[in-house]
Amino acid sequence: MRKALTCLIVDDMQNIRMVTKQILLNLGCGSVLEASTGEEALKLLSIHAVDLVLLDMVLPQMSGIACLQAIRSNPKTSHIRCVIITSDRVESHVREAIAAGAAGYVVKPFSPRTLEAHLDLALADRDKAMQKSS
């Protein structure tokens with residue numbers, strides 16, 4: 001099932017994108033796109049069919065929350081599951097991200113197993129939503 005997945009990693013730190021991409025590929029994801037800003041992510045989402053977005057909270061120019069809200073407010077992207085990946089452990093920020101529509105919240109540094117668990121939860125949630133709408 002994961003072989004058909006297209007994931008988008010949005011993080012301004014190239015090393016984080018590189019490590020996360022390798023984890024996703026090792027987990028069997030078919031295609032992994034990368035963006036270093038929220039604006040770049042939104043542009044990629046307008047061009048590519050993406051199943052899952054892994055989104056940092058702290059990005060240049062546009063915050064992760066603002067990017068998440070833009071994804072949620074666009075009818076063409078509102079169905080995409082977004083998991084926040086950040087070093088921010090502040091509980092109010094976690095609540096804000098979930099309230100904005102995040103399907104999960106992973107704190108850096110994370111293990112491949114932790115990322116896999118959040119990926120599986122987000123995709124299971126997506127599959128349930130798709131079944132309800134059918």
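The values are calculated or read from the model by the stated rules, or taken from the named source; none is laboratory data. As the structure is a prediction and not an experimental result, all values here were calculated from the model. Counting neighbours? That spans all protein chains shown, and the Cβs are built from the backbone with ideal geometry, glycine included.
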- Message: Going residue by residue through the stretch 36-47, is there one that turns out to be under 13 Å from the mean Cα position of the chain (by Cα), modelled with pLDDT under 95 and under 25 Å from ALA4 (Cα atoms)?
- Response: no
- Task: Name the residue, out of ILE65, ILE85, ILE98, ILE23, that is in a helix (DSSP H, G or I) and touching a Phe, Trp or Tyr at 6+ places or on another chain (Cβ under 8 Å).
- Result: ILE98
- Task: Determine, yes or no, whether ASP11 is surrounded by 16 or more Cβ atoms within 10 Å (Cβ to Cβ) and in contact with a Lys or Arg (Cβ under 7 Å, 6 or more places away or on another chain).
- Result: yes
- Query: Restricting attention to the stretch 57-70, does a residue exist that is within 20 Å of GLU116 (Cα to Cα) and surrounded by 21 or more Cβ atoms within 10 Å (Cβ to Cβ)?
  - Reply: yes
- Message: For the stretch 35-53: of the residues being among the hydrophobic types (A, V, I, L, M, F, W, C) and in a loop (DSSP other than H, G, I, E, B), which is surrounded by the fewest Cβ atoms within 10 Å (Cβ to Cβ)?
- Response: ALA49
- Note on the structure: Just one listed residue, out of VAL106, VAL32, VAL94, VAL19, is surrounded by fewer than 21 Cβ atoms within 10 Å (Cβ to Cβ), closer than 24 Å to ASP120 by Cβ and in contact with a His (Cβ under 6 Å, 6 or more places away or on another chain), and it is VAL106
- Task: Please work out if MET57 is in a loop (DSSP other than H, G, I, E, B), aliphatic (A, V, I, L, M) and either within 22 Å of ALA99 (Cβ to Cβ) or over 14 Å from the mean Cα position of the chain (by Cα) (or both).
- Result: yes
- Message: So the check is Cβ under 9 Å with 6+ separation or different chains; which pairs have a first residue in the stretch 11-39 that's free of Cβ contacts under 8 Å to residues at least 24 places away in the same chain and on the phi > 0 side of the Ramachandran plot and a second one that's surrounded by fewer than 18 Cβ atoms within 10 Å (Cβ to Cβ) and of a type in the set (Phe, Trp, Tyr)?
- Response: none
- Task: Using the structure shown, decide if ASP125 is closer than 23 Å to LYS3 by Cα, out of contact with any Leu (no Cβ under 7 Å at 6 or more places or on another chain) and modelled with pLDDT under 95.
- Result: yes
- Query: ASP56 versus (1) touching a Ser or Thr at 6+ places or on another chain (Cβ under 7 Å); (2) under 18 Å from PHE110 (Cβ atoms); (3) in contact (Cβ under 8 Å) with a residue 60 or more places away in the chain: which is the lone unmet condition?
  - Reply: (3)
